[in-house]
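Worksheet: the structure to be examined is printed underneath.
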Amino acid sequence: MPQPQIITLEEHFTSPKLKALRGEKDSPVQRKLDDLGELRIAEMDAAGIDLQVISENNPATQNLDAETAVKLARESNDILHEAVRAHPTRFAAFATLPTPDPKAAAAELERCIDKLGFKGAMIMGLTHGRFMDDRQFWPIFERAAKLDVPVYIHPTPPMQVVQDAWFKEYPALAVAPLGFTLETLTHTVRLVVSGLFDEFPSLKIIVGHLGETMPYLMWRTNYLVTERMKMPRAFADYYREHFWLTTSGSFSDPALTCAIAEMGVGRILFSVDWPFMPNVPGRQWLDAAPLAEQDRALIFGGNARKLLKI
Ligand code: MN
């Protein structure tokens, strides 16, 4: 079997019960989220994407009560596993974790990796308003480090009090145009300063949207956090060692150039954020981006093959 050359890592679906629970209405985007077969593969083929690493759509099971979250996460992962079995050369999977019950989430991660062959997990931001640096969630990271799989930290809307204070007059800004980025940026910086990576020195984190502005902020955040927070190592050292960034929904040459300059080309992974973003413009953008061909191939798939052991 030839190795996949073009791999994307932030590509979503919705399992039927979570869709029903959220009362999602029919729409062209929802029809794509519902599909784990022909429609999805046709859109991958149109852009020459060999392999999608698929994940349950935000907020997955993270805002449910613990018991329901455990049940529906397991069902979601089993559905995704069936899709990967049906299309093993085209689909791979990130686990959905029932974070309201961290111990059960760690066990579900292990089941997904060891029994179902998943490549890692995706965490959809906040769990009932709590960031993952809260020590109650560390059993999940402990298990990910032990299993040597990455955890993808994905955006979710900021907590209501933040939305009210910052976005009440402009609700459209609360999600993808700005709120998602601020929530995830805050999330990832909190992970670094919490000491998580001192506790789990082999832990690997993936962040979308070219790092949610972190590469652009790196010098200033590194300078000030390192000066003021008395951590064992510099902020940027933790970030560059533990984080990988994807291009999901962020098809910008200047942002890519900045991300490569701060992180190194080995830490950048192609992704689309399908179906919220279209595959073809993502592919065309990276085809034309100002890169050496060797680096382009790493970003398109070489780095992902190494990180996800494909
Ligand atoms: Mn996404």
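The values are calculated or read from the model by the stated rules, or taken from the named source; none is laboratory data. The structure displayed is predicted, hence computed values, not measured ones. A quick note on method: Cβ atoms are made from the backbone with ideal geometry, for glycine too, and the neighbour counts reach across all protein chains shown. The area values use the complete protein model at the heavy-atom level, side chains included, leaving out ligands, DNA and RNA. Shrake-Rupley method; radii C 1.70, N 1.55, O 1.52, S 1.80 Å.
Residues in the chain average 43 Å² of solvent-accessible surface per residue, probe 1.4 Å, ligands and nucleic acids excluded.
With a 1.4 Å probe rolled over the protein heavy atoms of all chains, the accessible area of 258, 112 falls in the order 258, 112, largest first.
Put 101, 273 in order of accessible area, highest first, and with a 1.4 Å probe you get 101, 273. Charge dipole (Cα centre; +1 on Lys/Arg Cβ, -1 on Asp/Glu Cβ; no other charges) of the chain amounts to roughly 420 debye. Summarising the label geometry, the points placed 7 Å from Cα in the beta-carbon direction at residue 75 and residue 226 lie 5.0 nm from one another. With an a/c value under 1.5 for the gyration tensor axes a ≥ b ≥ c computed over the alpha-carbon atoms, the chain is described as rounded.
For residue 120, the residues 5 or more places off, or on other chains, whose built amide H falls under 5 Å of its own are 95. Each residue of segment 175-190 was assigned a 3J(HN,Hα) from its phi angle through the Karplus curve 6.51 cos²θ - 1.76 cosθ + 1.60 (θ = phi - 60°); the sequence is 10, 4, x, 7, x, 4, 5, 5, 5, 6, 4, 4, 4, 6, 5, 4 Hz, with glycine and proline shown as x. Using a cut-off of 27 Å between Cα atoms, the listed pairs 168/204; 25/168; 103/168; 32/119; 230/306 include 168/204; 103/168; 230/306 as exceeding that distance. Put 226, 257 in order of accessible area, highest first, and with a 1.4 Å probe you get 257, 226. Within the full protein context, the accessible area of residue 305 is estimated at about 50 Å² for a probe radius of 1.4 Å. At the residue level, residue 140 shows approximately 0 square angstrom of accessible surface with a 1.4 angstrom probe and all protein chains present. Here residue 82 sits with roughly 100 square angstrom of accessible surface, probe radius 1.4 Å.
With θ taken as phi - 60° and the Karplus curve 6.51 cos²θ - 1.76 cosθ + 1.60 applied, the whole-hertz 3J(HN,Hα) list for segment 229-246 is 10, 6, 8, x, 10, 5, 3, 5, 5, 4, 5, 5, 7, 9, 10, 10, 10, 9 Hz, x standing for glycine and proline. Restricting attention to the chain, close to 5% of DSSP beta bridges with both partner residues there are antiparallel. Mean sequence separation of contacting Cα pairs (under 8 Å, at least six apart), scaled by the length of the chain, corresponds to a relative contact order of 19 percent. Our coupling estimate for segment 283-297, obtained by passing each phi through the Karplus curve with A = 6.51, B = -1.76, C = 1.60 and θ = phi - 60°, is 4, 5, 4, 6, 4, 9, 5, x, 9, 5, 4, 5, 5, 4, 5 Hz, Gly and Pro reported as x. Got a sec? Charge dipole of segment 80-208, +1 on Cβ for Lys and Arg, -1 for Asp and Glu; which of 171, 141, 158 is way out at the positive end? Of the listed residues, the answer is 141.
Estimated purely from DSSP H runs of n ≥ 4, each contributing -39500 (n - 2.57), the mean residue ellipticity at 222 nm for the chain is -14500 deg cm²/dmol once divided by its residues.
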